[in-house]
1. For the range 77-174, which GluC sites (Glu not before Pro) are both in a DSSP coil and crowded by at most 15 other Cβ atoms within 10 Å?
2. Within the set K51/K171; K2/K63; K67/K88; K88/K148; K63/K156; K2/K156, which residue pairs have Cα atoms separated by over 22 Å?
3. Give me Rg/Rg_expected for the chain, where Rg uses Cα atoms only and Rg_expected = 2.2 N^0.38 Å with N residues.
4. Over 12 Å, how big is the tail of the calculated P(r) for the range 72-125, in percent of all Cα pairs?
5. Name the residue from N80, T116, I100 whose Cα lies farthest towards the positive end of the charge dipole of the range 72-125, charges +1 on Cβ of Lys and Arg and -1 on Cβ of Asp and Glu.
6. Using a Cα-Cα cut-off of under 17 Å, which aspartates and glutamates could be cross-linked to K136, ignoring same-chain neighbours fewer than 8 residues away?
Amino acid sequence: MKIYSLLLDKTYNPLTLLDYKKAFLLEYTQRANVLEYHPEFVIKSTYKSFKVPIVLKTNTLTKNFYKNIPTRYNIYIRDNFICGYCGKACSDSEITVDHIIPASKGGQWTWDNLITACELCNMKKSDNIIMPVYIKPHKPQYFSLLLKEHINKIDKITLDIIKPYCQQYLKDIS
Ligand SMILES: [Zn+2]
């Protein structure tokens, strides 16, 4: 388990998850206001201990410039590691990313043209164009994907604290 902190924009919308040390630095440099602290976890220095901010609201960012890029791993997360063609849960050794419109036919490396596929389906599909049935390729919302990637790594206490701020994105995950 790792300690993450949630950064909100000025209207209380989730911007991103931060390493708690970065969150602490944002508080320390007054670039964010802390709304919630971790009730147990503290940062200790030689003489003092500091509370760890878990939810912060930015003072500086007016625009959300956080973006996901369609890396292989992000495609897998978006697709829940499931093959878009046969619906199978892919193991590490058989998981691939497939171009729906093949690169040889001008298909691009973009969110809506990429899909998780098992090795077998990828091989069978070859240079044909087949629409996946199990997954709808789409550009995910930045925070939805981030939360999906990290939700199992966030400690229980933190998760309970940040959940109310993330309701709209939690819906996307299940
Ligand atoms: Zn498959």
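Read-outs throughout are calculated quantities, based only on the coordinates presented, and are distinct from any laboratory measurement. In this text the structure is predicted, and so the values were computed from the model without any measurement. Heads up, the Cβs are rebuilt from the backbone with ideal geometry, glycines too, and the neighbour counts pull from every protein chain shown.
1. Sparse-neighbourhood loop GluC sites (Glu not before Pro): E94.
2. K51/K171; K2/K63; K67/K88; K63/K156
3. In units of the 2.2 N^0.38 Å rule of thumb, it is 1.26.
4. Roughly 58 percent, once rounded to a whole number.
5. The one lying farthest along the dipole's positive direction is I100.
6. K136 reaches D79, D98, D112, D172.
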